[in-house]
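Everything below concerns the one structure shown next.
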Amino acid sequence: MGNDSESESDEICCGISMGCIKIHTLPCMPQVPASEADGTSEDERIIDPNDQPYGMMGVVNPALSRPKNSKSKKSYFNDDFLKSSPTPQQAKKWQESIENVLNDPKGCAFFHKFLQNEFAAENLDFWNSVKELKNKNPSGDRLKKDVKQIYEQYLRDNAENLINVNNRLKGAINECLEDPRLEIFDEAQRHVYGLMKDGAYKRFITESHIQTLIKGHSCNS
């Protein structure tokens with residue numbers, strides 16, 4: 001799980017610590033058949049962030065089987081922050097936790113560029129889309145429209161910026177589209193957060209990469 005400070009950081013962002021993620025039933029999530037029972041309670045399932053959710057039973061994962069754009073269609077991150085190198089102090093903070101990266105506009109811009117080079121920028125874009133949805137706090141028809149827009153961009157089959165989430169969770173979200181709640185994407189957001197934290201973030205903060213950024217040979221070259 002990591003140290004206490006890291007756990008607190010996780011809780012600030014997502015309300016849970018990121019090892020395996022408890023997926024609690026959304027308000028309209030279909031019941032899990034008894035044949036799939038695996039010892040968890042009826043209202044929660046466990047999803048390992050390292051799972052390949054579409055790769056089970058020989059089914060090809062569309063998120064991995066097709067080439068992705070190196071740049072997401074919509075970016076929330078200002079490329080102006082890439083014009084100057086981070087200071088050693090900034091970079092040291094980024095190495096302490098992913099929270100310090102996500103809470104720093106410059107850190108977000110550099111991390112987003114790094115994810116583009118890994119063909120995974122859609123994870124951070126989705127995470128931030130959900131964050132913005134929560135900040136706007138829409139309701140009624142506006143909420144329904146915004147939710148469908150996020151779903152079409154990141155979760156629909158063959159979406160341009162398809163994220164890699166479990167089929168069960170994807171189906172549950174789809175079931176809620178006509179009468180969504182503001183929390184509809186929370187579990188998917190936690191899942192992609194875990195993927196970033198346990199994968200790309202660890203590569204982003206390696207000493208060799210951080211020193212490259214500080215010296216000005218940034219990942220946008």
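Computed quantities for the displayed model
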{"quantity": "Span per principal axis, largest first, for the Cα atoms of the range 175-220 (Å)", "calculated": "50, 20, 13"}
{"quantity": "Members of K93/K144; K148/K202; K106/K148; K83/K148; K92/K197; K144/K170 lying beyond 27 Å, as alpha-carbon distances in this model show", "calculated": "K93/K144; K148/K202; K106/K148; K83/K148"}
{"quantity": "Rounded accessible area per residue of the range 76-151, 1.4 Å, Å²", "calculated": "48"}
{"quantity": "Karplus 3J(HN,Hα) series, Hz, for the range 137-150 with 6.51 cos²θ - 1.76 cosθ + 1.60 (x for Gly, Pro)", "calculated": "6, x, 9, x, 5, 5, 4, 4, 5, 5, 5, 5, 5, 5"}
{"quantity": "Principal axis dimensions, the range 101-144 - Cα atoms, whole angstrom, descending", "calculated": "38, 21, 8"}
{"quantity": "Net lengthening on full extension, K92/K144 (0.36 nm per residue, minus Cα-Cα)", "calculated": "14.6 nm"}
{"quantity": "For K145, solvent-accessible area (1.4 Å; no DNA, RNA or ligand), Å²", "calculated": "120"}
{"quantity": "Cubic angstrom per residue, convex hull over Cα atoms of the range 107-221", "calculated": "101"}
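The values are calculated or read from the model by the stated rules, or taken from the named source; none is laboratory data. This one's a predicted model, so the numbers in the text were calculated from it and none came from an experiment. Heavy atoms of the whole protein, side chains included, go into the accessibility calculation; ligands, DNA and RNA do not. Shrake-Rupley method; radii C 1.70, N 1.55, O 1.52, S 1.80 Å.
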